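Everything below concerns the one structure shown next.
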Amino acid sequence: MLWDSSANAGFTRGELWIGVADNYTLINAANALLDSNSVFYGYQTLIRLRKRYAIFTEDDYQDLAPEASQIWCYRRDSPRESLLVVANLSHSAQPLLLPEVEGNWQVLMSNYSEASPPGALTHLRPFEAVYYYQS
């Protein structure tokens, strides 16, 4: 674990049997805690959303892009609410062909500062993930 920017990434004061990553002074747990847009805080947000919205774990699951190897796109629907998740699992932009998505969707979470409405989404940026909600 890369804890901080100190020697051996804060893992030990002893001798390591395997080296730490070259970029440990930039990418480490201490720096993640200082960055509100870090993966750490992204996971905290997902955990809160999962606890707040039952649709994250219940009701129908429909894979909307089963043929796309780099895209994970699915929808969950219940009588009261819907969840649409689109995620690019690759390091390059990917085209996205969504079936028609109607209604007023709210962005619950995005790992980019700006997220397009689902009806206007034609591509996903590298590693982009957006969670849309409709009640």
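The values are calculated or read from the model by the stated rules, or taken from the named source; none is laboratory data. From a predicted model like this one, the values you see are computed outputs, not experimental measurements. Cβ atoms come from the backbone with ideal geometry, glycine included; neighbour counts cover every protein chain shown.
Any chance segment 43-51 includes a residue that's under 30 Å from residue 134 (Cα atoms) and part of a loop (DSSP other than H, G, I, E, B)?
To start, the set of residues in segment 43-51 that are under 30 Å from residue 134 (Cα atoms) comprises 43-51.
Narrowing the set further to residues that are part of a loop (DSSP other than H, G, I, E, B) leaves none.
Checking segment 43-51: not a single residue is under 30 Å from residue 134 (Cα atoms) and part of a loop (DSSP other than H, G, I, E, B).
Against the definition (exposed (fewer than 13 other Cβ atoms within 10 Å of the Cβ) and without any contact (Cβ under 8 Å) to a residue 24 or more places away in the chain), how does residue 103 come out, yes or no?
No, not satisfied.
Condition first: hydroxyl-bearing (Ser, Thr, Tyr), at pLDDT below 95 and part of a loop (DSSP other than H, G, I, E, B). Can you find one or more residues in segment 89-105 that meet it?
no
Can you tell me which condition residue 20 does not meet? The list is (1) part of a loop (DSSP other than H, G, I, E, B); (2) touching a residue at least 24 places away in the same chain (Cβ under 8 Å), and all the others hold.
Condition not satisfied by residue 20: (2).
Which one is modelled with the lowest pLDDT, of the residues in segment 106-126 that are among the aliphatic types (A, V, I, L, M) and under 18 Å from residue 45 (Cβ atoms)?
115
In the set 87, 32, which member is touching a residue at least 40 places away in the same chain (Cβ under 8 Å), surrounded by 14 or more Cβ atoms within 10 Å (Cβ to Cβ), of a type outside the set (Ser, Thr, Tyr) and closer than 20 Å to residue 112 by Cα?
Values: 32 fails: touching a residue at least 40 places away in the same chain (Cβ under 8 Å).
Going through 87, 32 in turn, just one is touching a residue at least 40 places away in the same chain (Cβ under 8 Å), surrounded by 14 or more Cβ atoms within 10 Å (Cβ to Cβ), of a type outside the set (Ser, Thr, Tyr) and closer than 20 Å to residue 112 by Cα: 87.
Take residue 33 and decide whether it is at pLDDT 95 or above and either assigned to a helix (DSSP H, G or I) or under 28 Å from residue 2 (Cα atoms) (or both).
Yes.
Is it the case that some residue within segment 49-62 is free of Cβ contacts under 8 Å to residues at least 40 places away in the same chain, surrounded by 14 or more Cβ atoms within 10 Å (Cβ to Cβ) and of a type in the set (Asp, Glu)?
Filtering segment 49-62 down to residues free of Cβ contacts under 8 Å to residues at least 40 places away in the same chain leaves 50-52, 54, 56-62.
The next check asks that each one be surrounded by 14 or more Cβ atoms within 10 Å (Cβ to Cβ); those that pass are 54, 56, 59.
From what is left, the residues that are of a type in the set (Asp, Glu) are 59.
Within segment 49-62, one or more residues are free of Cβ contacts under 8 Å to residues at least 40 places away in the same chain, surrounded by 14 or more Cβ atoms within 10 Å (Cβ to Cβ) and of a type in the set (Asp, Glu).
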